[in-house]
Each structure stands twice: as structure tokens, then as C-alpha cells.
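Everything on this sheet refers to the single structure shown next.
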Amino acid sequence: MSDKTYPPSDAFAKNAHIDAAAYDKMYAASIKDPDAFWSEHAQNLDWIEPFTKVKNASFEMGNVDIRWFEDGVLNVAANCIDRHLKTRGDQTAIIWEPDDLETPALHITYNELHEKVCRMANVLLSQGIMRGDRVVIYLPMIPEAAYAMLACARIGAVHSIVFAGFSPDALANRINNSGAKVVITADEAPRGGRKTALKSNTDAALLHCDDKVRCLVVKHTGGQTTWIDGRDIDVKAQMEHASPDCPARPMNAEDPLFILYTSGSTGQPKGVVHSSAGYLLYAGLTHRYVFDYHDGDVFWCTADVGWVTGHSYIIYGPLANGATTLMFEGVPTYPDASRFWQVCEKHKVNQFYTAPTAIRALMGQGKEFVEKCDLSDLKVLGTVGEPINPEAWNWYNDVVGKGTRPIVDTWWQTETGGHLMTPLPGATPTKPGSCTTPFFGIEPVILDPQTGEEQTETEASGVLCIKSSWPGQMRTVYGDHERFEKTYFSDYKGYYFTGDGCRRDADGYYWITGRVDDVINVSGHRMGTAEVESALVAHADVAEAAVVGYPHDIKGQGIYAYVTLMNGVEPTDELRKDLEKWVRTEIGPIAKPDLIQWAPGLPKTRSGKIMRRILRKIAENDHATLGDTSTLADPSVVDDLIENRMNRK
Ligand code: WTA
């Protein structure tokens, strides 16, 4: 093999679910006969009515239709809870580790989870929530977030979680777009010793929503909130009175389980819709194989449930497997930079899954914070969200893994439901920075971006597409199937287009090179540049704005905004701060520009199209190779932008 590789140890491979020979055999089988492969694995779910059809999917533009197990009937919550009660009712399902060190951790057993979820489901029913109704969840990382998700699944309601870091405006947009009848929130969200006033954010959001939307409030910190009688409901109090039993509603395999809004290259975030059976099967199977999860292991995914990673690998995947899953309310650096490792030691974590941005931030704090903790229970380390630079990979491997734990670099997307390309820890020799090879049933292809032709040589680079459907694939964009087709199936006919660029090396390993569209990846969070631009131009002093990403040591990419002010408005530091604050309130803190450059003009073609290629180069401090600027309407604006660039090294 080219490059330095890290093969799994013989001892690890011997005890793993999948070794190299098994991977080859199963992968080949999954591609040759997907129906047989997935039908067999779907037997691991508990069906109320068995399915007779397996895969039924078309990627043909104008006729995109994706179904799996379409005549089967099951309930996702029953699969995540009820079916485990007989054998593991007293086993911990969820370990909850709070933000502060004074509050004790909770160990919630499968029996307790069942009771809480039933009570929460009954509260939702008492609010008139019915099958198919949408419920927005805007909660901190507390057990009630898990109860709420599973309660929705239990009664067939569709949840849509909004990350607690989003602003009232962003929340209102999502409540309105999904037509939710209820929003579930908490008084406050503690994180890193600070508190975000979620209820007052929700109050502000609901000013822009239908009067009929009810607000269920989890009194978590006990912090003061305003209270609107008739609209606001104390969930915990209601749960105490509710029945601890609630039948799990039989749902069709293709009924939507959740909507999750994610950023695209144009316009408003789109509501990614996931199915019940296919999604659950895929989340469960990837969780079991990719992390080599064994009964009794403690699994910790550090993501927030507001992102897809939290959906698939804190809640649905682990619970489908009867696992013990850890849910952490806090941040990696509070009270200090050893928190992650202290939590690993305290709860004897076996599989640890985090983002490169967190690794880079902790790497900068020094290895003492890791070394003082006992990490001997760790078996597998995982990363997700963005390409991991070899330096961070090596630190993760050497300092956290002591050179003996396999690292799984998992490439996937909100749209894919679970991992599409990743090593399997007992099977795949890894290479730092590569997500290696496809998971079962996944057929990645690299296309020439111009001609759309499949690159059949082993060594290739271009845009990454997937050739045929897998069970965890999103089914549609909520309320806009046309947008679904246009976004993912129109550029390259007959393929699912991922939006990522990719290289395949001589060993057939895949290396994600980043987005090829106007999506940037800030600390592993997806951000549409168009969203930030429309927030900026909504400010009274801004005439025009263009946003691009630039390399950032910790965040992976930072947000670089070029802003043209209205005639007569003076560019001041105060205005710059004001714009930062403005974007925070329009979208949320994660969208705050890192650098704002005042741009008297933006480089445009004669037809008025902004030449982002040039703006990206200047933001990257790479202005020596701007390429052809002769087609610009006014080439002189470029000189001014270079002269006043913000990212000087
Ligand atoms: C990027 C997160 C390189 C990629 C699960 C993708 C990655 C986008 C990796 C999806 C990885 C995710 N290596 N890049 N291991 N994982 N990405 O929807 O650009 O928040 O398209 O899903 O993150 O981000 P999303």
C-alpha cells in the first residue's frame, strides 16, 4: 500500500464482529444482491407485520422515489426500548453526564426509559398530537430530549430537533416550515458553566408562529421564565400525572420518523426527511459494525442531538442495539480541557466518537490533560464531520489511543442517515485523513465534474456520487420533493450527488477533499454561505454581502464575509461588532463571521454574477494566483480587496 497504514491488531480483529475476510465477503454480497443482504439484516428488527418487498428505489430525475421494506409495519420506539425489556430491563440505557460537576450523573435503565417515554407520549397525546403531526424539539442535552424523540416515535409523530444554539428567528422558521403543533423546550440550557435562556428564545420565536402552537417546557434549571397560561405547559408535572403505559403505534416502514433541517448551497435550510424502518436499520447496523459495539460496552458520541450525528449515534443506533449510550450536557473544555477524558474514565467508556474540531482544540491544550486520566477502557475511537488533518489524527492515535486503538474516520451526511464510508475497526487498515472504503451496500463513484462521466480508473478525483440507494437514505425534502430532486439528482443524472469532492488513491481508498458547493463546514457544523449572506443583507446598513470559507486552525473552516455598505454609511469597528451580533441573532452563534472585510465593490462578471472563486482565494490569502480576472466588469475592485484583506499571515 502507498502511505503509512495502521492495520488492526490480530487480537482486535479476532474478537471483532467483522474482520478483513468477512468485510470482503459481506461487501461483495451486499452489492451483488442488495435485497438478500438487507432482508437478512432487517430480521434484527422487531416487525409487527413482516415486509415482503425490500428495495424499491429510483434515482431518475423527475421520478425519484425511494422505498425500503415498504409493506412492513413496526414501531421505532418499541425497537429501541420495549423489545429489550425482557432481557435487559435493568441495564443502563442512557448515562447522563451533566454540565457541572456538582450534579450527579444519572443512569437510566431500559425499564425507566420505557416509563418516561410512555409518560411523555401520553402528555403529547393529551395535547392532541396525532400520527404524522410535527413536534419541534428545542432542548439542551438532557434525558428529556431522548424521551421526547422516542415519545414522538412511539405515537407516530414526526420530530424536528432544532439545535439549542440556534436563534429565535431560526427556530421560528423551522416551526413554521414544518407546521409543528408543539414545541418542546426547557427553561435554560447550561453549557460550559453558562446558561442559554431557551424558553425566552422560544417565546421570541413563537411571536412569529401560529397562536395555536403549544409550548411544553421542561423545568430543568428552575430558572425564571415568563409563563403564558393556556399556551405553556410544565412537562415534568404533566408526566407525573400521566400513565406510565402507552401502546406503541404500528407504523409503516416508510412513515417519516423525523425532519432535520440542514444547510444547502442555496436559500433556506431544507427539511431532510428520514424514514422509520430503513433509517433505524441503517443507524443500528452501522453503530454495531463501525464501532464494533459489543453487549455491555459503554458508547459515547459527543455530538449534540440537534445534529444528525446525535440522532443516529446517541439515540437511534445505540438504543436499537440495546446499548448503553452516554449523553453529555457540557463542553470539552469545562471546567477544564480534561473533561472529555475525565468522563471517559468515570463511566469506563469503550467507544468514543467526536469531531476533528474538538480534537484540534484539545490538542492545543497539551497532552497533560489526557495523560492524567485512565483511558484503559477505550477500545475504538471515531471522528466525524469534516476531513481530519493527519496531525490531529496522529495526536488522537498516539495520545488518546496510546497507539493501540483503531480510529474510524466516518464520512457521511445528514442526508445519508448513517456512515457511508468508514473503516471497520477489525477489518480495515487505516490511513490518517482517509475515510477508507464503503460500508455494506454503498457504491461510491467519482465523476468528472464537467462531463459527469464515471472515473473507472482506481486512481481518480472529481465529485463524489452514490450509485444506488441504501436503507438510511433521506426520502425527500419536507414539503418540497422537487427541491429534493433538483438538489441531489439533477446535476449528475442517475446518481445521488453528495456535494463533496473526493480523490481515490491507488489502493482504492477514498479521501474527501471538502464541499464543491457553497456550503462551508465550521467546527463540523454545516453552514450555507447563502444563509449568512441573506442575514447580513437584512441589516439596514448593508447593501451587499458575499461569504466564503477560509482555512481555520481549530474550526477547520472560518466564515469570511465581504460586506458592501449602503451609500454614506461609515465602516467602523462598532458597525463590524454590530454585524457580528446581528448574524448571531438572525441565525445563531455558529454563524458569526470570523472576519468581515469592507468591500467597496465585489468582483462581478459583466452579467452581474459574483466571482466567488476570486473571493475564496483572497480569503485564503492566496491572491498571487487569482487566475483570469479579465471577464470582470471592473477588475480594479480586486486590487482594493487584496490590499485590505483580513487574513494576512
Ligand atoms: C463533511 C455530518 C470528511 C462532508 C455527519 C459532508 C466529512 C458534510 C466527514 C456533511 C469525514 C462529514 N471526512 N468530511 N469523515 N464527515 N464530512 O450533514 O463535507 O452535518 O458532506 O453531516 O460534512 O455534514 P452534515
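The values are calculated or read from the model by the stated rules, or taken from the named source; none is laboratory data. Because the structure is predicted, anything quoted here is derived from the model rather than measured. With ideal geometry, Cβ positions are generated from the backbone for all residues, glycine too; neighbour counts draw on all protein chains shown. Note: areas computed on protein heavy atoms with side chains; ligands, DNA, RNA excluded. Shrake-Rupley method; radii C 1.70, N 1.55, O 1.52, S 1.80 Å.
Any idea which of Ala530, Ala535, Ala546 is part of a strand (DSSP E or B), among the aliphatic types (A, V, I, L, M) and over 25 Å from Thr383 (Cβ atoms)?
Values: Ala530 fails: part of a strand (DSSP E or B); Ala535 fails: part of a strand (DSSP E or B).
Going through Ala530, Ala535, Ala546 in turn, the sole match is Ala546.
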Among the residues of region 125-150, count how many are touching a residue at least 60 places away in the same chain (Cβ under 8 Å) and more than 21 Å from the chain's Cα centre (by Cα). 5
Only one residue in Ala303, Ala337, Ala277 is in contact (Cβ under 8 Å) with a residue 40 or more places away in the chain, closer than 29 Å to Asp99 by Cβ and either open to solvent by 20 Å² or more (accessible area, probe 1.4 Å) or not acidic (Asp, Glu) (or both), so which one is that? Ala303
With respect to Tyr282, is the statement that it is of a type in the set (Ser, Thr, Tyr) and open to solvent by 20 Å² or more (accessible area, probe 1.4 Å) true? no
Here is a check on your reading of the model: is His17 open to solvent by 20 Å² or more (accessible area, probe 1.4 Å) and touching a Leu at 6+ places or on another chain (Cβ under 9 Å)? yes
Residue satisfying all of: in region 580-600; free of Cβ contacts under 8 Å to residues at least 60 places away in the same chain and part of a loop (DSSP other than H, G, I, E, B); surrounded by the most Cβ atoms within 10 Å (Cβ to Cβ) among these: Ala599
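How many residues does region 395-413 contain that are out of contact with any His (no Cβ under 9 Å at 6 or more places or on another chain), within 16 Å of the ligand (Cβ to nearest atom) and under 23 Å from Lys555 (Cβ atoms)? Before the answer, list the steps.
From region 395-413, those out of contact with any His (no Cβ under 9 Å at 6 or more places or on another chain) are 395-407, 409, 413; that's our starting set.
From what is left, the residues that are within 16 Å of the ligand (Cβ to nearest atom) are 396-397, 406-407, 409, 413.
Then keep just the ones that are under 23 Å from Lys555 (Cβ atoms); that gives 396-397, 407, 409, 413.
Total meeting the criteria: 5.
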Out of Gly296, Gly366, I need the residue that is surrounded by fewer than 24 Cβ atoms within 10 Å (Cβ to Cβ), more than 30 Å from Ile587 (Cα to Cα), out of contact with any Phe, Trp or Tyr (no Cβ under 9 Å at 6 or more places or on another chain) and modelled with pLDDT under 95. Which one? Gly366
Just to be sure I understand the filter: pairs with C-beta atoms under 8 Å, separated by 6 or more residues or on different chains, first member in region 414-426 and open to solvent by 10 Å² or more (accessible area, probe 1.4 Å), second member within 8 Å of the ligand (Cβ to nearest atom) and among the aromatic types (Phe, Trp, Tyr). Which pairs pass? Thr414/Trp307
Those strands (runs of 3 or more DSSP E) completely within region 451-515 that have 1 or more residues that are buried (at least 18 other Cβ atoms within 10 Å of the Cβ) and of a type in the set (Phe, Trp, Tyr) are 496-504, 510-515
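Of these, Ser434, Ser376, which one is of a type in the set (Gly, Ala, Ser) and within 14 Å of the ligand (Cβ to nearest atom)?
Values: Ser376 fails: within 14 Å of the ligand (Cβ to nearest atom).
Exactly one of Ser434, Ser376 is of a type in the set (Gly, Ala, Ser) and within 14 Å of the ligand (Cβ to nearest atom), namely Ser434.
Yes/no per residue for (1) farther than 20 Å from Ser167 by Cβ; (2) touching a residue at least 60 places away in the same chain (Cβ under 8 Å):
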| site | (1), (2) |
| --- | --- |
| Asp553 | yes, yes |
| Val563 | no, no |
| Asn567 | yes, no |
| Asp578 | no, no |
Please specify each residue of region 270-317 satisfying the condition of being more than 14 Å from Tyr353 (Cα to Cα) and among the β-branched types (Val, Ile, Thr). Val272, Val273
Selection from region 517-554 of residues hydrophobic (A, V, I, L, M, F, W, C), open to solvent by 20 Å² or more (accessible area, probe 1.4 Å) and under 26 Å from Gly568 (Cα atoms) yields Ala530, Val537, Ala538, Ala540, Ala543
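Taking the stated definitions as given, is Thr354 among the β-branched types (Val, Ile, Thr) and more than 16 Å from the ligand (Cβ to nearest atom)?
So Thr354 fails the test.
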